[in-house]
Amino acid sequence: MKPTAGAPLSERLAHRLGGAGPPVVFANGGMMSYPAWEPVAAALRDDHATLLFDFRGQLLSPGEPPADLAGLADDLAALLDAVGWESAHVVGTSFGALVALTLAARSPERVRSLLLATVMDRATPAFDREAAALRERLAGIARGGDREAFYDLLVAGVYSEGHRAAEAATLAARRRHVGALPLAWFAGLDRLLAAIEGFDLTAGLSAVRCPACVVVAEADRVMDPARSRALAAALGAELAVHPTAGHALVNEDPIWLAATCRGFLARAEEMSP
């Protein structure tokens, strides 16, 4: 569904519903748009209802995003209300996993289970340095800087070395696409990065009551795998590890991630009252 100017917030979040069965919502990483989830969501649609969406400030939901994770979690809750879902399983990666955790801590009744990929419990100094460097580049783009050079920086950080070598042609083609994105996308990304500056979710983790699975990408250079494991331990969560993928696991190995989601959701649904 495309957003319409002047419509309620929940209608201005671009989204797509499909399938039937237990509800599963997919929460994007900060630089994603929801079509990137399609290979994972398609593998679940035979027996699950799926909801894909873009947060405010992302490509298909242009507009000013909330200033913090609590506001972004409220947006997700509003979207669940709009589609008539009292609760859902939430699959999130990176930025979206942070929002999912925030929603589960603030409104446990809305979240049936959490599958959290490439995420950590709190920001590290290295994460904050890299985020600040990205925001500096984004400020340069607002002044007319090179958009494709920004993409080169992203590719070096989010993809594993093996994926960059194997998919060099595909990544080169995407470079041109990113260079053609509107300035609003870069401005939205800057505001989303500001919303997670120095994040620390450790104090709220004890309020998360649902089954959880934390997915670690061993070559993740954005979210420290050691802090991902700390998050799993704090939640009493299952731990799944991809041995070679980088931060962009959703793109690097969607087949593996879909199988991991399917297995975890089956176990989580067995635990539901």
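The values are calculated or read from the model by the stated rules, or taken from the named source; none is laboratory data. Not measured: the values here are computed from a predicted model. Backbone-built Cβ (ideal geometry, glycine too); neighbour counts: all protein chains shown. Quick note on the areas: whole protein, heavy atoms, side chains included, nothing else; ligands and nucleic acids left out. Shrake-Rupley method; radii C 1.70, N 1.55, O 1.52, S 1.80 Å.
Worth a mention:
- Model label points for Ala126 and Ala20, set 7 angstrom from Cα along the Cα-to-Cβ axis, are 4.8 nm apart.
- Residues with amide H under 5 Å from that of Arg112, placed H, sequence gap 5 or more: Ala88, His89, Val90
- Rolling a 1.4 Å probe over the protein heavy atoms of the chain, with every protein chain left in place, gives an accessible area that is 54 percent carbon and sulfur.
- Chain lengthening between Arg135 and Ala173 when straightened (0.36 nm per residue, less Cα-Cα): 11.3 nm
- Mean residue ellipticity (222 nm) of the chain, computed from DSSP H runs ≥ 4 via -39,500 (n - 2.57), nearest 500: -14000 deg cm²/dmol
- The amide H of Ala117, built 1.01 Å from its N in the peptide plane, has Gly92, Thr93, Ser94, Val215 as neighbours under 5 Å, considering only residues 5 or more places off or on other chains.
- Rg/Rh for the chain stands at 0.94; both radii use Cα atoms, and Rh follows the Kirkwood definition.
- Computed about its Cα centre, the charge dipole of the chain is approximately 320 debye, with only Lys, Arg, Asp and Glu carrying charge at their Cβ.
- Under Karplus coefficients 6.51, -1.76 and 1.60, residue-wise ³J(HN,Hα) of the range 54-59 in Hz, glycine/proline x: 9, 5, 4, x, 8, 4
- Compared with the direct C-alpha span, the chain from Ala203 to Leu183 gains 3.6 nm at full extension, assuming 0.36 nm per residue.
- Taking 0.36 nm per residue of separation and subtracting the current Cα-Cα distance, fully stretching the chain between Met271 and Ile255 would add 3.3 nm.
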